[in-house]
Amino acid sequence: MPDFMEDYALWRRLPFPSLRRGETVLRAGENLALIHGDLAVADEDATQVILLVEKGLFQPARGDVMGALEGIISRLERFGEGATAKEREVVDAHHRYAVLLHRMYGEFLRIGSL
């Protein structure tokens, strides 16, 4: 299993997953653009990790980042059911990013609580 610094380095160099501009994809009662937006908010909240790595400051985000990411991951899994090949690429990219963020932020919280 990757360690915290490996996940952090990957997150810092990995581009945020993209959507095709103007495309609305709906499935399983979800709008992929809304999931994308929620992932962007979680990603922004997770930037608190940078303070720990670069300055040694542990200041978790105010919101429930882990809960938000768990919800996003679940929504993406439901959304991906029955997806076309093109949609699957987009959903999978978002899912991989969310899982990485969840693992990294969870480890950040664990380290900060020591």
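Ranked by the mean number of other Cβ atoms within 10 Å per residue, highest first, peptides 69-76, 11-18 order as 69-76, 11-18. Within the accessible area of the chain, what % is carbon and sulfur when the probe is 1.4 Å and the other protein chains stay in place? Carbon and sulfur together cover 53 percent of it.
Of the residues VAL53, VAL41, VAL90, the one whose Cα sits farthest toward the positive end of the charge dipole of the chain, with +1 on the Cβ of Lys and Arg and -1 on the Cβ of Asp and Glu, is VAL90. Here are labelled values, (i) 2, 15, 24, 24, 16, 10, 6, 3, 1, 0; (ii) 2, 10, 15, 15, 12, 9, 7, 5, 5, 5, 4, 4, 4, 2, 2, 0; (iii) 2, 11, 23, 22, 17, 11, 7, 4, 1, 0, and one is the computed P(r) over Cα pairs in 5 Å bins from 0, in percent for what I pasted. Which one? Recomputing P(r) over Cα pairs in 5 Å bins from 0, in percent here picks out (iii). Per residue, the solvent-accessible area of region 25-113 (1.4 Å probe, heavy atoms of protein chains only, all protein chains present) comes to 52 Å². For the chain, adding -39500 (n - 2.57) for each run of n ≥ 4 DSSP H residues and dividing by the number of residues yields -22000 deg cm²/dmol at 222 nm. Across the chain, the mean sequence separation of Cα contacts (distance under 8 Å, 6 or more residues apart), normalised by length, yields a relative contact order of 33 percent. Rounded to the nearest 20, the Cβ-based charge dipole of the chain about its Cα centre (Lys and Arg +1, Asp and Glu -1) stands at 200 debye. The residue among PRO15, LEU114, MET104 whose Cα reaches farthest toward the positive pole of the charge dipole of the chain, with charges on the beta-carbon of Lys, Arg, Asp and Glu, is PRO15.
The values are calculated or read from the model by the stated rules, or taken from the named source; none is laboratory data. Worth saying up front: this structure is predicted, and the values here are computed from it rather than measured. Heads up, the Cβs are rebuilt from the backbone with ideal geometry, glycines too, and the neighbour counts pull from every protein chain shown. These area figures cover heavy atoms from the full protein model, side chains too; ligands, DNA and RNA do not enter into them. Shrake-Rupley method; radii C 1.70, N 1.55, O 1.52, S 1.80 Å.
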